1. Take LEU98 and decide whether it is outside any loop (DSSP other than H, G, I, E, B), under 16 Å from the mean Cα position of the chain (by Cα) and modelled with pLDDT under 85.
2. Can you run down the residue pairs with Cβ atoms below 6 Å, 6 or more apart or on separate chains, where the first is in region 100-127 and closer than 19 Å to PHE73 by Cα and the partner is open to solvent by 60 Å² or more (accessible area, probe 1.4 Å)?
3. Does region 77-84 contain any residue that is touching a Ser or Thr at 6+ places or on another chain (Cβ under 6 Å), open to solvent by 10 Å² or more (accessible area, probe 1.4 Å), more than 20 Å from GLU107 (Cβ to Cβ) and among the hydroxyl-bearing types (Ser, Thr, Tyr)?
4. Restricting attention to region 111-129, report how many residues are modelled with pLDDT under 90 and buried (at least 16 other Cβ atoms within 10 Å of the Cβ).
5. Spot the failing condition for SER69; the list is (1) closer than 26 Å to ALA31 by Cα; (2) at pLDDT 90 or above; (3) open to solvent by 50 Å² or more (accessible area, probe 1.4 Å), and only one is missed.
6. Can you name the residue in region 16-52 that is of a type in the set (Val, Ile, Thr) and over 16 Å from the mean Cα position of the chain (by Cα) and is also surrounded by the most Cβ atoms within 10 Å (Cβ to Cβ) among such residues?
7. Against the definition (at pLDDT 95 or above and in contact with a Phe, Trp or Tyr (Cβ under 7 Å, 6 or more places away or on another chain)), how does TYR48 come out, yes or no?
Amino acid sequence: MWHRVKNLFISLNSYAVLSPDLKVRQQVNKALRDRPELSAEDWFHRFYQAYGVAHPVVIFAYSQLQHYSGLQFGRVLPTDRFHEDLRWSDVCWFDWNLQLYDDCWQEFGVDLRGCFDELQWITVQDFVVGLNQAIYQTIPARSHLEMEI
C-alpha cells in the first residue's frame, strides 16, 4: 500500500517539474502583448523570406513553436532569445524537442534526431534558419524540388 502511495506522490511531483510553468508563460505573453501580432504568412515575408528559408519550414516553425510553448508566436521577433526572453525551458513541456522530431518526421519525412541540436540556437532566427538547413541537408534530393522556397 505504501509503495503505491509513494509512487503516486513521486508521479505528481514529477508531473509538476516536467510540465510548463503557466505563470511564467502568462508573464512572457504579457511582455509580448505590446508588439503587433503577425500571421504566419506575415512572419515569413517580414523576417525569413530574405534569408531563403523555405515557406513550409517557416509556417511549420511558427505553428509548432507556438504549440510547444503556448506563447503568442505572432508577437515573437527573430531576435528574441529562447532562454532569456521567452523562458523556453519554463514555458514548454520538458520533452518538446522529442515532439519536434516527431513533427518534423510527419511534416517533412525527415528524421532530425542526431543531426539537429535544438539547444544550440540562441535566438528564434538562429533556430528557424538552422531548422531549414537541417531539413534540407537531410531531405532526399528529389524532395528539394518539391518544397517551395
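The values are calculated or read from the model by the stated rules, or taken from the named source; none is laboratory data. Quick caveat, the model's predicted, so the values are computed rather than measured. Glycine gets a Cβ as well: all are built from the backbone with ideal geometry, and neighbour counts include every protein chain shown. Only protein heavy atoms, including side chains, enter the accessible area calculation; ligands, DNA and RNA are left aside. Shrake-Rupley method; radii C 1.70, N 1.55, O 1.52, S 1.80 Å.
1. Against the criterion (outside any loop (DSSP other than H, G, I, E, B), under 16 Å from the mean Cα position of the chain (by Cα) and modelled with pLDDT under 85), LEU98 does not qualify.
2. Within 6 Å, the pairs are ILE122/ARG81; THR123/THR79; THR123/ARG81.
3. Yes, region 77-84 has at least one match.
4. 4
5. Against the list (1) closer than 26 Å to ALA31 by Cα; (2) at pLDDT 90 or above; (3) open to solvent by 50 Å² or more (accessible area, probe 1.4 Å), SER69 comes up short only on (3).
6. VAL24
7. no
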